Amino acid sequence: MIPLIDTRLLDEVSAEAKAAPRGRKNRNFHPANEFPAHRLLNAVQPGSYIAPHRHNDPNKDETMVVLRGALGLVEFDVAGNVLRCTALQAGGEVLGCDIPHGTFHTVLALAPDTVFLEAKAGPYAALADSEKATWAPQEGDAGAAAYLAALRARFD
């Protein structure tokens with residue numbers, strides 16, 4: 001049977017994100033981390049911090065389309081300067097993005113219960129040190145909340 005992406009599923013994954021300590025939850029459509037094509041829903045709540053990062057592998061471009069809520073996309077240069085901030089909104093003028101490999105970026109929820117569809121090449125691999133932004137706090141670092149608040153303020 002073909003899985004459907006409906007409001008019930010969006011409600012379910014949003015509730016899981018709300019209950020999760022990190023304020024986000026994904027629902028994979030690919031059968032395993034080793035699978036060559038990753039397709040998933042990501043539900044993210046305001047206040048969830050995703051550290052800026054990039055994917056160096058030329059096969060790891062990343063596509064995101066917002067299905068519910070609003071997502072802030074922040075692009076950085078290699079020194080950590082903000083190049084552009086773009087609001088992606090379900091039903092809005094800008095619905096999604098395609099992030100080329102090698103581009104430092106982060107996303108943050110601009111509305112409660114934000115859900116986006118993400119597609120990228122597998123298999124899953126944890127970020128290498130060269131893919132982490134050394135100029136930004138990592139998740140769990142003392143300065144992460146203040147850094148996230150400063151990024152969020154760019155969308156007000």
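The label point for N26 and the one for L40, both projected 7 Å from the Cα toward the Cβ, are 0.2 nm apart. Look at the alpha carbon pairs under 8 Å that are at least 6 residues apart: their mean separation over the length of region 8-67 gives a relative contact order of 29 percent. Most mobile of S14, S130, S48 per a Gaussian network model of the chain (Cα springs, under 10 Å)? Looking only at S14, S130, S48, the largest GNM fluctuation is found for S130.
Dipole magnitude of the chain about its Cα centre, charges +1 at Lys/Arg Cβ and -1 at Asp/Glu Cβ only, in debye to the nearest 20? Mind showing how you got there, number by number?
Numbers: 15 positive and 19 negative charges, 50 e Å.
Computed about the Cα centre, the dipole is about 240 debye.
You can think of it this way: the chain between D77 and D98 has 5.9 nm of extra reach, that is 0.36 nm per residue less the Cα-Cα gap. Approximating the spin labels as points 7 Å out from Cα along Cα→Cβ, the R84-to-A125 distance works out to 2.7 nm.
First measure r as the distance between the Cβ atoms of D57 and E139, then evaluate 1/(1 + (r/R0)^6) with R0 = 22 Å and state the FRET efficiency to the nearest 0.05.
Details: r = 21 Å, r/R0 = 0.96.
Efficiency computed from Cβ-Cβ geometry: 0.55.
Note on the chain: GNM, Cα springs under 10 Å; of F76, F35, F104, the largest mean-square fluctuation is that of F35.
Which residues in region 64-103 place their backbone N less than 16 Å from a point set 7 Å from the Cα of A150 along the Cα-to-Cβ direction? Taking a point 7 Å out along Cα→Cβ of A150, the residues of region 64-103 whose backbone N falls under 16 Å are 74-85. Sorted ascending by nearby beta carbons within 10 Å, beginning with the fewest, M1, M64 become M1, M64.
What percent do you get for the relative contact order of region 1-138 when only Cα pairs under 8 Å and 6+ apart count? Could the numbers behind the result be given before it?
Details: 316 pairs, mean separation 44.2, N = 138.
Worked out over region 1-138, it gives 32 percent.
About its Cα centre, the dipole of region 37-116 is roughly 140 debye, where the only charges are +1 on Lys and Arg Cβ and -1 on Asp and Glu Cβ.
Judged by the ratio a/c of the largest to the smallest principal axis of the C-alpha gyration tensor, region 10-110 counts as oblate, that ratio being 1.5 or greater while a/b is no larger than b/c.
We did not get these values from a lab; they are worked out from the coordinates using the rules stated. Here the structure is a predicted model, which means the values were calculated and not measured. Counting neighbours? That spans all protein chains shown, and the Cβs are built from the backbone with ideal geometry, glycine included.
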